[in-house]
1. Could you size up the charge dipole of the stretch 159-231 around its Cα centre, putting +1 on the beta carbon of Lys and Arg and -1 on that of Asp and Glu, and report it in debye to the nearest 20?
2. Given points 7 Å out from each Cα along the Cα-Cβ axis, report the Ala157 to Leu193 separation in nanometres with one decimal.
3. Leu100 versus Lys48, label points 7 Å from Cα toward the beta carbon: distance in nm?
4. For the stretch 100-163 and the stretch 203-222, compute the distance between their C-alpha centroids and round to whole Å.
5. Taking every Cα atom in the stretch 115-217, find the radius of gyration and the maximum pairwise distance Dmax, and write them in Å.
6. Could you tell me the extents of the stretch 159-231's C-alpha atoms along the three principal axes, largest first, rounded to whole Å?
7. Filter the GluC sites (Glu not before Pro) in the stretch 182-232 to those in DSSP coil with at most 16 other Cβ atoms within 10 Å of their Cβ, and list the result.
8. Given 0.36 nm per residue, what is the gain on full extension from Thr174 to Arg129 after removing their alpha carbon distance, in nm?
Amino acid sequence: EDFTEEVAETSLITAFSIQSPSPPPQSIDKRARRMNKQLTQALKTLNKAKISLNKVTPPRRQSRRRDSDVIIVGEEHSLQNTLVVKVRYLTKVYRIQMQLNEPFHVLTSKLSQEIDEAEHSLGLFLHDRSLEVSETPSSVNLTVADIIVSEESVSAADAIELVIQCKNSKSRITITANKRRPLSDVIQKYAQLVNAEANSFVFSFDGEDIEPTDTPGKLDMEDQDVVDVVYD
């Protein structure tokens, strides 16, 4: 009887143990907390490394911006100190870039290469004033609206003044000519002064038409001789 009761009690305890829910495993909670702690520590270490790196190396955007500012300032400075100088030689206008503080002999050097003339034979004039080759665009207050006129320098022995007279209007214009140069130079200068095409009029001297290839020396022209001009 005692044995039977003991077996029955044991069976009840076993049955109760099976029906009761088991407590949550504590090992899983400990492992999760340990992993979270390790992850937090790793993030802190990564943030510290990032802060240290930023202190040593500035952001790339700032560096590029600084470089860009330097380039822009340099370009603005360069543009402010240059000028495209307009030079008229005969009927053509040449545009030559110069520094504002460069002497005009730089201009005559570049122009002589364009027109295939000797540099020393070129004279420069601005507003009817002769320019010295030692002067600069800055010293004469040259602007983009100004046009420098270039003419060949003529020695005193070869220079004569011709009076160009228009029969239609009776106007007279005096032009310096080189006795050794073709009269096409004078024709082109006159065309510039009256703002006309060179082929719209004819020069004549002593009643005969002048050929552009003729020279004052060939036609025995002298100082203050009168040349008639007739428009077609």
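1. Here the stretch 159-231 has a charge dipole of around 280 debye.
2. 2.7
3. About 5.8 nm separates the two model spin labels.
4. Each part reduced to its Cα centre gives a spacing of 27 Å.
5. Reported Rg and Dmax, both Å: 15.5, 49.
6. Per principal axis, max minus min of the Cα coordinates gives 27, 20, 19 Å.
7. Details: sites: Glu197, Glu208, Glu222; in loops: Glu197, Glu222.
Qualifying residues, ordered by number: Glu197, Glu222.
8. Length difference between fully extended and current span is 14.6 nm.
Any read-out appearing in this document is the output of simple, stated calculations on the displayed coordinates, not a laboratory observation. Since the model is a prediction, treat every value here as computed from it, not as a measurement. FYI the Cβ positions are ideal-geometry reconstructions off the backbone, even for glycines, and counts take in every protein chain you see.
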